[in-house]
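Step one of this worksheet: look at the structure below.
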Amino acid sequence: MSGPVLTTYSMWSLFRNCRKACEWRYIHELVPLERDHNLSFGSLIHECLEIWHRDRNLPAVLDHIDRACPNRAQDEREQRDWHLATAMMKGYAARYPTEEFEVVALEKTFEGKIVNPATGASSRSFVLAGRVDGIVRIGDEHFLLEHKTASQIDADYLERLWTDFQIILYAWYVERTLGLRIAGIIYNILVKARLQQGRGETEAEFEERRRKLAARSKTGKSSARRRLPESDEAFQERLAAKYAEPGMFHRETLYISRDQFAALQAELWELTQAFLDARRRGAFYRNTAFCFHYRRPCAYFPLCRSGGSPNVIENLYRKVPPHEELRDGSSCEEAPAF
Ligand code: SF4
């Protein structure tokens with residue numbers, strides 16, 4: 001008889017949001033061919049932070065970025081990521097030349113039983129596994145270190161951190177499996193600068209601008225010069241100035257209330273029971289309120305709209321075993337479906 005099935009918070013979160021999406025991902029093992037760009041960038045920064053916090057060796061971090069963007073000379077998106085990641089990590093190293101915490105572990109995985117809090121019995125069907133970005137110590141207290149890349153940090157963003165149940169649940173598992181008492185979470189937030197590299201003008205664009213300027217001028221002439229593309233060096237300088245601003249990096253510490261552990265355990269247990277029921281009946285219903293939850297279509301939208309057409313599967317999806325985030329060499333969270 002096979003043992004309990006390995007699950008992750010990503011799976012349970014997806015099941016809670018839309019059971020159909022959970023079925024597409026975790027039963028049919030489908031993922032979209034095109035990976036969400038924000039997730040790829042977030043993964044790169046997670047890898048960089050792991051290297052930085054392990055050795056505090058900035059050249060090694062920058063070398064990792066270079067190797068992660070090998071086609072940047074031809075590929076605009078890679079070029080953008082390279083610029084942003086390079087400036088972000090240089091700015092980060094300058095902002096935190098020393099740390100108030102001591103690193104205990106990085107990219108630490110765990111695996112533990114899912115327990116029915118009412119009876120104390122463990123699930124025979126599922127176990128929960130996960131990976132934390134870091135465990136650090138300040139004095140005699142331990143904290144989970146959680147990296148986040150954000151478009152901006154404002155009061156709403158910081159307010160929403162309390163809803164990050166994944167990390168609180170992980171803290172409970174780290175306590176149980178590694179025997180460390182976790183006092184709280186240190187959110188390490190890095191802001192993605194919105195600056196764009198100047199593209200310059202094409203010959204035609206320049207001629208058009210010059211014609212308009214000349215038409216407005218009393219002399220009928222214009223001394224305008226063609227705008228040239230911004231060099232990599234000049235763009236890095238602009239980004240460096242941006243990353244010297246205090247608001248581009250932020251650390252927020254939240255202390256864990258022990259009551260949250262019990263509530264999350266109960267919720268997780270409920271989800272396991274609902275999943276078993278859905279699987280038994282083959283009934284993973286759709287939550288259409290979630291199709292556009294993140295202001296863009298869910299990754300499985302074409303599949304749902306086509307009623308699960310094999311053609312759509314063949315052209316837009318590939319099979320990938322679940323729980324990518326737990327495999328060695330992957331420091332990213334599994335791509336959510338939304
Ligand atoms: S498209 Fe809508 S119904 Fe289908 S999996 Fe995504 S959220 Fe669920």
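Quick note: the coordinates plus some simple rules give every number you see, no bench work behind them. Computed from a prediction, not measured in an experiment: that's the story for all the values here. In this analysis, Cβ positions are derived from the backbone assuming ideal geometry, glycine residues included, and neighbour counts consider all displayed protein chains.
Angle check, please: helix 58-68 long axis (alpha carbons) against the longest principal axis of the chain (alpha carbons), in degrees 0 to 90, nearest 10.
Tilt of helix 58-68: around 90 degrees.
Quick check on the chain: of the DSSP beta bridges with both residues there, what percent are antiparallel, nearest 5%?
Rounded to the nearest five, the antiparallel share is 70 percent.
How far is the Cα center of the stretch 1-43 from the Cα center of the stretch 125-179, in Å?
20
What are the ³J(HN,Hα) couplings of the stretch 134-150, residue after residue, when phi is run through the Karplus curve with 6.51, -1.76, 1.60 and θ = phi - 60°? Round to Hz, x for glycine and proline.
x, 10, 10, 10, 10, x, 10, 10, 9, 9, 7, 9, 10, 8, 9, 9, 9
Between LYS319 and ARG258, take the C-beta separation as r, use R0 = 41 Å, and let me know the FRET efficiency to the nearest 0.05.
Computed FRET efficiency for LYS319 and ARG258 comes out at 0.50.
Give me, ordered by chain and number, the residues 5 or more places off SER222 or on other chains with an amide H under 5 Å from its own placed amide H.
none
Amide H neighbours of HIS142 under 5 Å, counting only residues 5+ apart in sequence or on other chains, H built in-plane at 1.01 Å?
Excluding prolines and chain starts, which carry no amide H, the hits are ALA183.
Going from the alpha-carbon gyration tensor of the stretch 36-79, what semi-axes, largest first and in whole Å, does one get by taking the root of 5 times each eigenvalue?
20, 13, 5
So if I take the centroid of the Cα atoms in the stretch 70-107 and the same for the stretch 241-311, what is the distance between those two points in Å?
Here the two parts' Cα centres lie 27 Å apart.
Counting only DSSP beta bridges with both residues in the stretch 1-140, what percent are antiparallel, rounded to the nearest 5?
Antiparallel bridges: around 80 percent, rounded to the nearest 5.
Tell me, what ³J(HN,Hα) does each residue in the stretch 295-310 have, in order and in whole Hz, if you take phi through Karplus 6.51 cos²θ - 1.76 cosθ + 1.60 with θ = phi - 60° and put x for Gly and Pro?
6, 8, x, 4, 4, 9, 4, x, 6, 5, 4, 8, x, x, 4, x
Lys/Arg Cβ at +1, Asp/Glu Cβ at -1, dipole of the chain taken about the Cα centre: which of ASN315, HIS53, HIS147 is farthest positive-ward?
Checked the options; the winner is ASN315.
Once amide H atoms are built 1.01 Å from N in the peptide plane, which residues 5 or more positions from ILE114, or in another chain, come under 5 Å H to H?
The list, which skips near neighbours in sequence, is SER123, LEU128.
Taking the Cα centre of the chain as origin, sum charge times position over the Cβ atoms of Lys and Arg (+1) and Asp and Glu (-1), and report the length of that vector in debye to the nearest 20. Can you show the working numbers first?
Working: 49 positive and 48 negative charges, 296 e Å.
My answer is approximately 1420 debye.
Using the Karplus equation 6.51 cos²θ - 1.76 cosθ + 1.60 (θ = phi - 60°), what ³J(HN,Hα) coupling, rounded to whole Hz, does each residue of the stretch 179-195 give in order, writing x for Gly and Pro?
x, 10, 7, 9, 7, x, 10, 9, 7, 9, 9, 10, 8, 7, 5, 8, 5
If I fit a long axis through the Cα atoms of helix 165-178 and take the longest principal axis of the Cα atoms of the chain, what angle between them do I get, 0 to 90°, rounded to 10?
60
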